[in-house]
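The values are calculated or read from the model by the stated rules, or taken from the named source; none is laboratory data. None of the values given here were measured: they were computed from a predicted structure. We place every Cβ from the backbone using ideal geometry, glycine too, and count neighbours over all the protein chains shown.
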Amino acid sequence: MQKTSTLFIENINSLPIWIKQVITKEISLNLINKLGEFIQLIGTDNLFQYLRPTVTFKGKQELEEKRLRLSDSYYIFLKACLDGETIFEITLKNNWSLADSAKIFCRLVEIDMLEVPESNDKEYAIAQFIANKIRTGEFLRKIGKINSMQLDQAIKYQKEVQAEGRNVKMASVLIKMGFITDKGLDSLLILKDEAKRRLTVSMGFTSLKYNNEQDRKDYVLSLQKEIARLESENLIMKKRLKKILQIND
């Protein structure tokens, strides 16, 4: 069956160009407003979603033998990586959030089942950040927003304040020292928060292409089941509404 990510992009590309012009402008403005001083994080050179993780020998062995008895999602992820799929495709296909994929990815890297080329440091940093593996200061250092000396200064200041019995978050220290702005901090929070969201929009599945007739039948059956479920829910809601409004048939 056609890749979910390919289908998603094809459906967008099939729109008339005059609509895509408006969409492009509106999305660009939205991203600039949300990411602000971190707008460089949407560049294709460091977009985590485009990363194609490489499975190590250890990862291939685990996929075959399953000695560690990891949860199914880890093996699904490893198999997809072995097939050369991107993080974007893996996430869409499994109806995960980007944060879900990032957590699995980081864990597999930690146990040496995936490797990250040195050229992908920023992608890995983004994954670690949205997976809550690294904190704000370390993330900013890894993406080049601040240097190691500035981070050390911030850590030193934070420890001095805490020694006085006052609790202060690193983000507040970074703002106070002028390394990021309040709006910049908001952008980072938005980046992390929206990574937890799953795609819920319709993707025009009528244009799906199937490898064989059985795939088509299986998909039609799943649609029929979903339609039946929605019709049942709709009937229940109608009955409840009638009861609330005291409407008799």
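Consider the stretch 137-180. How many of its residues are over 24 Å from the mean Cα position of the chain (by Cα), assigned to a loop (DSSP other than H, G, I, E, B) and among the charged types (D, E, K, R)?
3
Mind checking which residues of the stretch 143-159 are without any contact (Cβ under 8 Å) to a residue 24 or more places away in the chain and touching a helix residue (DSSP H, G or I) at 6+ places or on another chain (Cβ under 9 Å)?
Residues satisfying the conditions are 144, 147, 148, 151, 155, 157, 158.
Suppose the filter is in contact with a Pro (Cβ under 8 Å, 6 or more places away or on another chain), assigned to a helix (DSSP H, G or I) and aromatic (Phe, Trp, Tyr); does residue 129 pass it?
Taking the combined requirement at face value, the residue does not satisfy it.
Going by what's in this entry, would residue 187 be described as closer than 30 Å to residue 95 by Cβ and either touching a strand residue (DSSP E or B) at 6+ places or on another chain (Cβ under 7 Å) or not hydrophobic (A, V, I, L, M, F, W, C) (or both)?
yes
With the structure loaded, tell me whether residue 156 is of a type in the set (D, E, K, R) and under 28 Å from residue 48 (Cβ atoms) or whether it fails that test.
For residue 156, the condition - of a type in the set (D, E, K, R) and under 28 Å from residue 48 (Cβ atoms) - is not met.
Within the group 192, 196, which residue is of a type outside the set (Val, Ile, Thr), assigned to a loop (DSSP other than H, G, I, E, B), at pLDDT 85 or above and assigned by TED's automatic domain parsing to the domain that holds residue 9?
196
Can you list the helices (runs of 4 or more DSSP H) found entirely within the stretch 47-126 that contain at least 2 residues being touching a strand residue (DSSP E or B) at 6+ places or on another chain (Cβ under 7 Å), surrounded by 19 or more Cβ atoms within 10 Å (Cβ to Cβ) and at pLDDT 95 or above?
The helices (runs of 4 or more DSSP H) meeting that bar are 72-82, 98-110.
Pairs under 9 Å by beta carbon, first residue free of Cβ contacts under 8 Å to residues at least 40 places away in the same chain and in a helix (DSSP H, G or I) in the stretch 8-30, partner surrounded by 12 or more Cβ atoms within 10 Å (Cβ to Cβ) and basic (Lys, Arg), six or more apart or different chains?
Within 9 Å, the pairs are 12/20; 13/20.
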